[in-house]
Amino acid sequence: MFKWCDEPRVFWFSQSPFSDVEGDVEEAKAEFFLVGLVLGLAIYNGVILDLHLPPLLWQRTMNEPVGFEHLKQIDPDLWRGLNSLLTYDGDVEVDFGADFSLTTNAFGDAKTVELIPRGAETPVTTANRHQYVEAYTSYLLEKVCQQQFSAFQRGFLLLCDGPAFSLLAPHELEELVCGTPHLDFHALEANTKYAGGFHLEHPTVMLFWEVVHSMSIDDKRALLSFATGCDRAPVGGLGKLQFVLQCVGEDSMNLPTSHTCFNVLDIPAYTTRAKTRDRLTTAIHNATGFGLQ
């Protein structure tokens, strides 16, 4: 359904068109509709999702125009190549040898797509290169994934459309779904609740925050993901996160655990800073994959 774009590290709609089988088309549309619906449900329920989607998705969702500058969000190499074409000061037709067509691979079959009528017979020249870049961009960002995106948008707007929706900017819509990348752990500390015998001046609590504030930004993100399931802050920042630090017994070598659905982090009452750091970092870096026990 989606392809992974390595350099910008985001997902974008697959460029493979739907098959010609009617049942397959309807099933594919239903899948993209469901993805949009799930994102709408996340907003409705105030749940932050750990998604890597380009900003242009939210602009298209709000029916705002996208163009050449947005192409770098999903394919920076192609953007640089087309930008070189636009700024080239030689003979474009002779040196590039391009025309208004491109070759795609659909279900194992190579297919030529003409960007304009009789595109395969129309060379790209210095005079029409801007038209070529515009047509190429429009094809990649809109036409080739129009069915997929329309189904996605329909599912999303089923829950989120309304008078207030038009008041949002695309980046605000993105924050509602994916949260904000800025992490203020002092704000998180100020708003944290304590349970199981912990309180603000408990020795372990004080050790915990000393260790957290000394962490690198990558470790802070890993901790946030371990405790909440997402490495981004909700709208309004970490101060709006309902985070709970809970004591689960006396000092021991047991690792911290978490309840991500409730933003609860369970830790024993560690008595030294070294043990707190060791147990916490071990837990957050071995919570997925083969490190998970």
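A few notes on this one:
- Using a simple spin-label model with pseudo-atoms 7 Å out from Cα toward Cβ, ASP50 and GLU250 lie 3.5 nm apart.
- Residue exposure sequence - ARG9, ARG154, ARG279 - by fewest surrounding Cβ within 10 Å: ARG9, ARG154, ARG279
- Residue-wise HN-Hα coupling along the range 168-176, computed from phi with Karplus coefficients 6.51, -1.76, 1.60 (Hz; x: Gly, Pro): 7, 8, x, 5, 6, 5, 4, 5, 5
- With neighbours defined as other Cβ atoms within 10 Å of a residue's Cβ, the residues LYS3, LYS29 order from fewest to most as LYS3, LYS29.
- Only lysines eight or more places from LYS29 in sequence, or on another chain, were considered; those with a Cα closer than 16 Å are LYS143.
- The C-alpha atoms of the chain define a longest principal axis, and helix 217-228 lies at about 80 degrees to it.
- Global form of the range 58-128, assessed from the alpha-carbon gyration tensor, a/c cut-off 1.5: oblate
- Listed residue (ALA42, GLY197, TYR88) projecting farthest to the positive dipole end of the chain, Cβ model: GLY197
- Förster radius 41 Å - calculated FRET efficiency between TYR194 and ALA164 (Cβ-Cβ, nearest 0.05): 0.70
- Amide proton proximity set for PHE2, modelled H, under 5 Å, gap of 5+: SER14
- Whole-number D in µm² s⁻¹ for the range 144-293, Kirkwood Cα-pair radius fed into Stokes-Einstein, 20 °C, 1.002 mPa s: 125 µm²/s
- Sequence-distant residues sharing a close amide H with LEU53 (under 5 Å, placed H): PHE11
- Most positive-pole-ward Cα, HIS182, LEU238, LEU141, against dipole of the chain from beta carbon charges: LEU238
- GNM flexibility winner over the chain from ILE48, ILE267, ILE217 (Cα, springs under 10 Å): ILE217
- Here the sum of -39500 (n - 2.57) over DSSP H runs of 4 or more residues, divided by the residues of the chain, equals -13500 deg cm²/dmol at 222 nm, to the nearest 500.
- Percent RCO, i.e. relative contact order, over the chain, from Cα pairs under 8 Å lying at least 6 residues apart: 18 percent
- Residues listed by number, the range 218-239, amide nitrogen under 12 Å from ALA187 label point at 7 Å toward C-beta: 233-239
- Listed from fewest to most Cβ neighbours within 10 Å, the set PHE32, PHE262, PHE13 follows the order PHE262, PHE13, PHE32.
- Pairs of alpha carbons in the chain separated by more than 26 Å make up 58% of all such pairs.
- By definition, a body whose alpha carbon gyration tensor gives a ≥ b ≥ c is prolate when a/c is 1.5 or more and a/b is larger than b/c, and the range 113-222 fits this prolate description.
- log₁₀ of I(q)/I(0) at q = 0.14, 0.15, 0.17 Å⁻¹ - the range 1-120, Debye sum with one point per alpha carbon: -0.86, -0.96, -1.17
- Scanning residues 5 or more positions from HIS202 or on other chains, none has an amide H under 5 Å from its amide H, with H placed 1.01 Å from N in the peptide plane.
- Here the chain carries DSSP beta bridges of which approximately 70% are antiparallel, counting only pairs with both residues inside.
Every number in this text was worked out from the coordinates using simple rules, so none of it is lab data. This one's a predicted model, so the numbers in the text were calculated from it and none came from an experiment. In this analysis, Cβ positions are derived from the backbone assuming ideal geometry, glycine residues included, and neighbour counts consider all displayed protein chains.
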